[in-house]
Amino acid sequence: MAGRGALQAGVAVRPLALPAQPVLGGFPRFSWQATGVADPVTARALVLSEPGCAVALVSAELVLVPRALAEAVRARVADLGLDAVVVAATHTHAGPGGYWDSLAGQLGATGPYDPEAFERLVESMAGVIRLAAADRGPATVSVARGRLAEAVVNRDGGEPDGRLLALRLARPDGRPVAELVSFAAHPTMLGKRNTEISGDWVGRLLARGARGPRLFFQGAVGDQSARPVVGPSPGPELEYGSGPEVRQRMEAEAAAVDAALERLPGSPAAEAPPLAVATARFGMPAVSPGAVPALLRPAAATVAGGTFSKVATVTALRLGPALLLFMAAEPVEAVGRELRAAAGPDAELISLAGDYLGYVETEGGFRAGTGEAKRAYFGPGLAALLGRGVAAAAREVDRLAGAAASAPGSATP
């Protein structure tokens with residue numbers, strides 16, 4: 001779908017509703033019970049629309065978004081007539097859990113399934129979408145891009161990414177509406193020893209900023225972690241616990257990213273930018289967990305077969321000079337470069353959206369068992385499939401945007 005005419009935007013922030021005794025997600029643990037809430041965690045929604053196209057983007061302070069959760073949120077707001085609802089996680093490894101009804105997912109990421117936790121999250125995210133839709137009004141968008149490689153580390157010894165994107169929404173008179181931020185740096189400063197719910201360093205970033213409420217989306221570069229700018233260098237697993245020194249590092253990381261965002265010059269504000277959305281679907285390869293010896297992978301695939309989707313999606317959103325590609329997988333930096341090359345020079349990849357498919361290592365890395373291969377659930381063919389999906393979604397969304405722009409009576413961007 002593609003819009004024609006003036007942009008409207010609305011934003012809302014809502015606390016994630018949690019059970020009385022919430023489960024703590026993020027890392028495998030002996031005890032999944034949270035001992036408290038160190039920092040309030042939220043769901044944030046941005047609704048963008050032009051005549052002919054309406055899209056909701058949701059960023060929730062969770063470790064991941066299972067397909068069932070995203071589908072339930074979409075169903076709950078079906079009456080709003082949105083053309084796409086993208087639900088993504090900030091990827092905090094200290095967020096609430098209990099919402100993935102999958103044995104493998106429970107053991108590895110979100111803890112014991114609790115139907116109440118699932119329902120509360122669905123209602124929180126559906127509710128924040130409704131609030132953002134009601135908040136819509138005339139808006140302009142400006143795009144800012146930069147790099148902040150010094151704030152990330154490639155945990156596999158490869159290249160740091162550091163790509164930084166900000167979409168700045170404002171009212172025509174200049175009043176800020178919202179800022180959408182994309183940056184790839186895993187929120188794992190709070191490690192397995194932490195027992196309190198928190199948004200990690202991203203939560204601290206969300207509390208900052210002067211351009212309206214922020215929405216944060218993880219760049220789709222799965223081997224990038226936050227690099228603390230104070231204290232000792234990170235260890236291999238970046239598991240610090242939860243003491244004062246960790247919170248100092250979280251604040252420092254948030255401050256560094258916030259300062260970089262404020263320094264970025266934006267493009268001229270556009271009142272009627274191209275707005276379009278398209279989705280590409282592709283079949284998934286067989287499950288082949290990299291952490292399992294080759295001879296045992298068929299058996300492991302049988303056990304985990306019901307955990308992952310048989311069909312994956314890439315959703316492309318064109319907003320002015322920015323092309324956002326939302327996916328469920330976490331490609332490593334080398335794969336991310338290939339995907340951007342397939343999609344075009346203005347493409348930005350966003351992970352952990354609408355489902356969870358795990359890491360995407362290069363073919364060479366997977367066959368050698370290096371990099372993120374040990375954490376991957378699928379074999380070396382996933383990178384090529386994802387590349388075709390990214391290219392198809394990018395082509396289609398720009399075809400739609402171009403057709404809308406050339407139609408009789410279209411507003412000039």
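The values are calculated or read from the model by the stated rules, or taken from the named source; none is laboratory data. A quick note: this is a predicted structure, and the numbers were derived from the prediction, not measured. Every residue, glycine among them, receives a Cβ derived from its backbone with ideal geometry; neighbour counts consider all protein chains shown.
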Exercise for the section: With the condition kept exactly as written, say whether any residue in region 86-96 is under 14 Å from Ala17 (Cα atoms), in a loop (DSSP other than H, G, I, E, B) and of a type outside the set (Asp, Glu). Expected result: yes
Exercise for the section: Evaluate region 261-268: report whether one residue or more is buried (at least 17 other Cβ atoms within 10 Å of the Cβ), modelled with pLDDT of 90 or more and in a helix (DSSP H, G or I). Expected result: yes
Completion exercise
When (1) surrounded by 24 or more Cβ atoms within 10 Å (Cβ to Cβ); (2) closer than 30 Å to Ala403 by Cβ; (3) out of contact with any Pro (no Cβ under 8 Å at 6 or more places or on another chain) are applied to Pro66, the one that fails is (2)
Fill in the blank from the handout: Residue count, region 179-199, condition β-branched (Val, Ile, Thr) and assigned to a loop (DSSP other than H, G, I, E, B), comes to 2
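Output the number of residues of region 351-384 satisfying the condition of being outside any helix (DSSP H, G or I) and not acidic (Asp, Glu). Explain how you work it out, then say what you get.
Here is the first cut: in region 351-384, the residues outside any helix (DSSP H, G or I) are 351-362, 369-372, 376-381.
Adding the requirement that they be not acidic (Asp, Glu) leaves 351-354, 356-360, 362, 369-371, 376-381.
Total meeting the criteria: 19.
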Exercise for the section: Would you mind telling me which numbered condition in (1) within 30 Å of Gly5 (Cβ to Cβ); (2) in a helix (DSSP H, G or I); (3) at pLDDT 95 or above Gly387 fails? Expected result: (1)
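Hey, any hits in region 146-154 for a residue that's farther than 19 Å from Leu24 by Cβ, part of a loop (DSSP other than H, G, I, E, B) and in contact with a helix residue (DSSP H, G or I) (Cβ under 9 Å, 6 or more places away or on another chain)? Outline the logic, then answer.
So the first thing to find is which residues in region 146-154 are farther than 19 Å from Leu24 by Cβ, and the list is 146-154.
Then keep just the ones that are part of a loop (DSSP other than H, G, I, E, B); that gives 148.
Now restrict to residues that are in contact with a helix residue (DSSP H, G or I) (Cβ under 9 Å, 6 or more places away or on another chain): 148.
Scanning region 146-154 turns up at least one residue that is farther than 19 Å from Leu24 by Cβ, part of a loop (DSSP other than H, G, I, E, B) and in contact with a helix residue (DSSP H, G or I) (Cβ under 9 Å, 6 or more places away or on another chain).
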Handout entry: Residue in region 126-149 that is surrounded by the most Cβ atoms within 10 Å (Cβ to Cβ), counting only those that are over 21 Å from the mean Cα position of the chain (by Cα) and not aliphatic (A, V, I, L, M)
Key = Thr140
Exercise for the section: Would you point out which residue out of Ala2, Ala6, Ala17 is within 18 Å of Ser142 (Cα to Cα) and either at pLDDT 95 or above or buried (at least 20 other Cβ atoms within 10 Å of the Cβ) (or both)? Expected result: Ala6
